[in-house]
Number of protein chains: 2
Amino acid sequence: MDAAVAAERLAALMAERVDHRFKGLPPDAEGRTLADLAAERRDLFTGGFTTPLLTLAAEHLTHNLGLMETYTARHGLAFAPHGKTTMAPQLFHRQIAHGAWGITLAVPHQVRVARYFGVQRVFLANELVDPAALRSIAADLAADSDYDFVCYVDSPHGVALMDAALSGAARPIDVVVELAAGEGARTGVRTEAECVAVADAVAATRTLRLVGVAGYEGEVPRADPGRVHTWLRRLTALAVEFDKAGRFADADRIVVSAGGSAWFDAVAEEFTRMPELSVPVLKLLRSGAYVTHDDGHYRGLTPFTRVPQEGALQPALRLWTQVVSRPSPEQAFVNAGKRDVGYDLGLPTALVVHRDGEERTATGITVTALSDQHTWLRTTPEADLRVGDWLGLGLSHPCTTFDKWPLIPVTEADGTVVDYVRTFF
Amino acid sequence: MDAAVAAERLAALMAERVDHRFKGLPPDAEGRTLADLAAERRDLFTGGFTTPLLTLAAEHLTHNLGLMETYTARHGLAFAPHGKTTMAPQLFHRQIAHGAWGITLAVPHQVRVARYFGVQRVFLANELVDPAALRSIAADLAADSDYDFVCYVDSPHGVALMDAALSGAARPIDVVVELAAGEGARTGVRTEAECVAVADAVAATRTLRLVGVAGYEGEVPRADPGRVHTWLRRLTALAVEFDKAGRFADADRIVVSAGGSAWFDAVAEEFTRMPELSVPVLKLLRSGAYVTHDDGHYRGLTPFTRVPQEGALQPALRLWTQVVSRPSPEQAFVNAGKRDVGYDLGLPTALVVHRDGEERTATGITVTALSDQHTWLRTTPEADLRVGDWLGLGLSHPCTTFDKWPLIPVTEADGTVVDYVRTFF
């Protein structure tokens with residue numbers, strides 16, 4: 001796609017008007033464009049925004065984008081951050097501007113979003129056997145010679161379905177064999193012998209081209225550094241074997257890909273150890289959660305705790321809520337719930353209380369449960385919390401929080417709202 | 001709001017064009033209006049729709065709308081189904097067409113959606129203390145004399161915040177005192193004595209008018225019929241006491257409201273037993289999940305299991321997924337995950353397998369876990385499941401499934417897609 005068209009479409013996001021579609025925007029801004037509202041630089045707390053409201057910290061976002069750019073460059077990795085985390089085309093383009101090779105995605109709808117906004121390199125980390133989706137991608141590849149699309153294959157039957165759907169396609173689709181992370185793990189071929197069978201099936205088609213191997217170390221059963229490194233060595237050895245066997249003979253680059261947000265240090269180490277192959281190797285890391293990091297699950301899991309000398313990610317998401325009930329000294333309720341925040345990998349945590357322009361640590365306040373539209377808080381005697389206070393929550397698992405917010409205000413450290421990020425779930 | 005404007009806005013939803021914003025719609029329909037696509041009456045399985053895709057069963061939806069219309073009429077209840085379940089203005093209007101008094105909502109953003117689409121009676125089942133949101137509602141009330149809005153109050157401090165924000169408003173806001181469902185329960189005033197204090201606080205303002213009492217029996221701790229009836233009798237007794245004390249002297253109707261989707265039979269019984277009060281009583285039931293029911297949580301909880309002679313709800317939501325990996329005889333994976341379906345009150349269940357135009361029961365297939373974009377299936381030897389098959393999943397908890405789908409195709413029993421429902425979360 002022409003870069004100017006993509007730029008126009010991105011810009012059009014900020015020409016959207018404030019209305020009922022977007023949670024938490026100031027009622028008195030109804031009908032204004034997001035660009036105009038951003039230019040007003042309103043204060044989050046006094047500018048008419050209503051809770052619940054998810055915000056993105058501008059400085060932390062920029063920091064995280066820069067940190068992973070540095071990290072991947074230092075370790076000789078190409079980067080296709082998983083776009084399913086945010087599904088925010090504006091962030092996709094910032095990731096690409098920060099050196100990313102392209103964007104990883106999980107399902108055809110996500111590819112459609114990325115392509116509409118001009119993402120030119122897509123790594124679909126799934127086998128794709130749906131005929132309508134395959135034909136749509138084939139048409140897109142035929143229409144745009146610069147479009148680089150790679151997806152998984154993980155069974156001869158899947159290859160046969162793809163081949164049937166793609167019959168007559170102008171360009172073959174580049175595929176990588178997915179090696180499962182172990183017995184009982186998620187998708188992917190269980191054994192190297194079966195990988196050979198899948199590669200043979202690909203070689204027998206004219207519609208698919210084998211360009212590499214991939215997998216997801218995040219699903220290694222009972223993962224620890226030893227098991228993760230062992231699996232990564234299986235993956236890189238498979239690439240070496242396939243290359244020696246001439247299985248990438250049609251490829252002008254070999255793709256070797258792994259890497260979520262918990263083990264990219266191990267991926268960097270093992271990918272660095274790979275010998276040279278017959279053609280250049282795209283060592284593709286796919287971590288997605290880094291872009292906002294979190295105050296829970298990924299704060300605990302991030303590899304930067306093992307390599308602190310390489311930097312630290314900063315949590316960029318915060319959910320602002322308001323106390324609507326304080327029925328007893330031990331209980332309080334804010335007006336956000338399962339509709340507003342992820343809860344699959346830990347509950348949100350109470351970080352700060354904002355009252356009359358003053359912000360302080362949320363001492364003595366514990367999130368104990370979520371209803372659809374309420375958060376249950378347990379309070380100790382030292383908690384100073386009243387109906388009307390705003391409570392800022394830290395989150396666990398960005399993916400399942402982003403998908404609850406079609407539009408997210410971006411704030412500077414002092415609370416000035418400077419931008420808006422649109423998501424498409 | 002003028003009914004013609006509301007009708008235009010609803011119609012405009014079907015004038016929206018198929019594009020990247022909506023998951024699962026046929027790629028070859030890009031740019032067509034939803035109205036045109038509906039008129040094509042495409043087949044769900046062969047019409048180019050891609051998975052994952054949530055669908056609404058047209059007949060079951062209509063059945064459920066009719067059943068609760070009959071039920072509430074039979075028991076002398078007014079009905080304000082909780083709109084947070086679907087956040088679908090098209091369904092709000094169908095609910096109103098089926099006799100509903102209005103729509104219940106939880107947060108100001110939801111009120112904004114309902115009002116944009118012309119809902120004239122809104123019951124906000126929360127205390128609302130946000131000044132920007134209150135001023136916006138006050139302006140709306142001032143501009144539309146037919147707009148009927150009621151919300152909770154549950155503390156004197158909350159009343160003071162509301163009063164301050166509403167200073168100078170043209171019309172007072174109607175409020176009901178929320179009685180908590182018990183000690184340690186969710187929001188609401190814990191004791192009758194405290195309810196009196198809140199009512200006194202309301203009476204001391206010019207900006208609020210006390211019109212009733214309300215609560216949510218779904219949060220009665222260790223709920224059983226005895227405890228739920230006991231609490232409902234407290235609620236109706238509070239209404240009687242307040243009325244006797246002249247606390248509704250300014251009201252032209254008294255609102256007494258309760259009722260989620262688990263105990264509306266008890267609500268019907270206790271509301272029927274209420275004596276006459278000084279002005280007509282709006283006995284307002286608020287159940288929301290009934291409209292689609294489910295194949296899990298609410299299938300087990302619905303009061304119709306206790307009163308089968310009054311009818312039965314039918315599950316109207318189904319999530320269509322596709323098998324993308326079958327790595328072993330015991331495992332399979334479909335391409336839907338936490339992004340697509342609720343999992344807070346039970347995992348989805350495998351209902352049917354669709355292959356080459358044939359549909360059969362999903363024998364031997366159990367959902368064991370969800371990843372962000374995958375469902376983990378355990379399969380027994382009798383499971384006949386291949387990569388490429390479509391698997392139809394039944395859901396548990398409609399609320400947390402609706403919020404993952406901005407647009408939902410409506411299908412007839414034979415798989416013809418006849419309509420589209422838009423949601424705003």
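What to note about this one:
- Test: residue in the stretch A:304-311 that is open to solvent by less than 60 Å² (accessible area, probe 1.4 Å), among the β-branched types (Val, Ile, Thr), at the interface with chain B (Cβ under 9 Å from one of its Cβ atoms) and farther than 21 Å from A:PRO406 by Cα: no
- Residues in the stretch B:43-60 that are in a loop (DSSP other than H, G, I, E, B), open to solvent by 30 Å² or more (accessible area, probe 1.4 Å) and in contact with a strand residue (DSSP E or B) (Cβ under 8 Å, 6 or more places away or on another chain): B:PHE45 alone.
- When A:THR361, A:THR321, A:THR375 are checked against the criterion of being among the β-branched types (Val, Ile, Thr) and away from every other protein chain (no Cβ under 11 Å), A:THR361 stands alone in meeting it.
- Across the stretch B:179-189, the qualifying residues are those that are on the phi < 0 side of the Ramachandran plot and either at the interface with another protein chain (Cβ under 8 Å from one of its Cβ atoms) or assigned to a loop (DSSP other than H, G, I, E, B) (or both), and the one among them that is most open to solvent (accessible area, probe 1.4 Å) is B:GLU183.
- Residue match in the stretch A:12-19 (condition: without any contact (Cβ under 8 Å) to a residue 24 or more places away in the chain, open to solvent by less than 10 Å² (accessible area, probe 1.4 Å), assigned to a loop (DSSP other than H, G, I, E, B) and within 14 Å of chain B (Cβ to nearest Cβ)): yes
- Filter result for B:ALA35 (open to solvent by less than 30 Å² (accessible area, probe 1.4 Å) and not in a loop (DSSP other than H, G, I, E, B)): no
- The set of residues in the stretch B:236-252 that are within 26 Å of the chain's Cα centre (by Cα) and farther than 14 Å from B:LEU77 by Cβ contains only B:ALA239.
- Selection status of A:GLY388, within 14 Å of another protein chain (Cβ to nearest Cβ) and on the phi > 0 side of the Ramachandran plot: yes
- Any chance B:ARG9 is assigned to a loop (DSSP other than H, G, I, E, B) and either more than 14 Å from every other protein chain (Cβ to nearest Cβ) or surrounded by fewer than 20 Cβ atoms within 10 Å (Cβ to Cβ) (or both): no
- Selection status of B:PRO26, at pLDDT 95 or above, out of contact with any strand residue (DSSP E or B) (no Cβ under 9 Å at 6 or more places or on another chain) and buried (at least 18 other Cβ atoms within 10 Å of the Cβ): yes
- Failed item in (1) closer than 30 Å to B:GLY388 by Cβ; (2) part of a loop (DSSP other than H, G, I, E, B), with B:GLY76 passing the rest: (1)
- Among residues that are among the β-branched types (Val, Ile, Thr) and at the interface with another protein chain (Cβ under 9 Å from one of its Cβ atoms), B:THR411 is not included.
- Test: residue in the stretch B:130-147 that is in contact with a helix residue (DSSP H, G or I) (Cβ under 7 Å, 6 or more places away or on another chain) and under 14 Å from B:ALA214 (Cα atoms): no
- Identity of the residue in the stretch B:163-173, surrounded by 19 or more Cβ atoms within 10 Å (Cβ to Cβ) and under 18 Å from A:ASP28 (Cα atoms), that ends up nearest to the other protein chains (Cβ to nearest Cβ): B:ALA165
The values are calculated or read from the model by the stated rules, or taken from the named source; none is laboratory data. Here the structure is a predicted model, which is why all the values come from computation and not from measurement. Positions of Cβ are backbone-derived with ideal geometry, glycine not excepted, and every protein chain shown enters the neighbour counts. Surface areas here come from the heavy atoms of the whole protein model, side chains and all, with no ligands, DNA or RNA. Shrake-Rupley method; radii C 1.70, N 1.55, O 1.52, S 1.80 Å.
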